[in-house]
Amino acid sequence: MKYWLLLLAFVASFNSNAADTKYFVTAESSATELAALQQQARAQDKLLMFVLGADWCHDSRDLMAQFQQPEFAAALEERYVMQAIDVGYLEYGFFVTNAFGAPTYYGTPTVMIVDPDSGRILNKADWQQWTNASSQTPETYQDYFIEQQFTQVEQTAESLAFETAQAERVRNGFASVGPMLKDYMTSDDRQASSEFGTAWEALAAFRNGVFEDMVKYQSATAGFPDYPPQMWEPEKE
């Protein structure tokens, strides 16, 4: 129930902050735009950062609010070329992950830190911690983004194939639950159906589980886990 309760808790704060700054307005970037950002980062000797999030997500908003604190913002600007990407209701953002070799994101916000020379994602092994951005301390922000203490691990081809297969299932879950999320977040009375609550919980458990296993098995060449059919998947005959 914890993921569902967190979403319900956010709705109360969202209602009172509906007129706040909109942090996420760019839904997608073309290959040309991504290449230009990569070139800019390379020319300025900076890393490239993408923040995939949404204004309906309190962790996305808290992350961006921290990023805009004057002293911290100045330190970020010295180190990164940054682009915020609006994932909508979990239907956008995959073009960006795919462009840099990741088959999906697993939650919001996802912070991708990319080496502009190689195009390699440098923090994939621990980017999921920022889906809980509102729970992170200022010291953690400082260590991660300014001191750049994020985890860099090479992923085997076999591990990437495993992740790619499971990522398709995660994205299918996003496609199934996303419209229900949109109805919930845009409705006047913000009354959630039991169907949505059940689906949101199931998707959260699955996507977080897949990410944890991807990290656990990212150096493996065999022995990858399997998962039972999920509620958004058709039954096999």
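Within region 126-135, being buried (at least 17 other Cβ atoms within 10 Å of the Cβ) and out of contact with any His (no Cβ under 9 Å at 6 or more places or on another chain) holds for 127, 128, 130, 131. The number of residues in region 45-78 that are surrounded by 15 or more Cβ atoms within 10 Å (Cβ to Cβ) and assigned to a loop (DSSP other than H, G, I, E, B) comes to 5. Take the conditions farther than 25 Å from residue 71 by Cα and in a helix (DSSP H, G or I) and apply them to residue 179. Does it pass? So residue 179 passes the test.
With respect to being in a loop (DSSP other than H, G, I, E, B) and touching a residue at least 12 places away in the same chain (Cβ under 8 Å), residue 148 fits the description.
Given the criterion touching a strand residue (DSSP E or B) at 6+ places or on another chain (Cβ under 6 Å), free of Cβ contacts under 8 Å to residues at least 40 places away in the same chain and within 23 Å of residue 204 (Cβ to Cβ), identify the matching residue among 98, 123. Before the answer, list the steps.
Details: 98 fails: touching a strand residue (DSSP E or B) at 6+ places or on another chain (Cβ under 6 Å).
Answer to the selection: 123.
For region 150-169, indicate whether the set of residues that are farther than 28 Å from residue 201 by Cβ and in contact with a strand residue (DSSP E or B) (Cβ under 8 Å, 6 or more places away or on another chain) is non-empty. Yes, the conditions are met somewhere in region 150-169. Of the candidates 106, 92, the single residue that is open to solvent by 50 Å² or more (accessible area, probe 1.4 Å), under 18 Å from residue 164 (Cα atoms) and of a type in the set (Ser, Thr, Tyr) is 92. Here residue 184 meets each of (1) assigned to a helix (DSSP H, G or I); (2) open to solvent by less than 40 Å² (accessible area, probe 1.4 Å); (3) at pLDDT 95 or above with one exception, condition (3).
The values are calculated or read from the model by the stated rules, or taken from the named source; none is laboratory data. Model, not experiment: these values are computed from the prediction. Methodologically, a virtual Cβ is constructed for each residue, glycine included, from the backbone with ideal geometry; neighbour enumeration extends over all protein chains shown. In case anyone asks, the SASA skips ligands and DNA or RNA and just uses the protein heavy atoms, side chains included. Shrake-Rupley method; radii C 1.70, N 1.55, O 1.52, S 1.80 Å.
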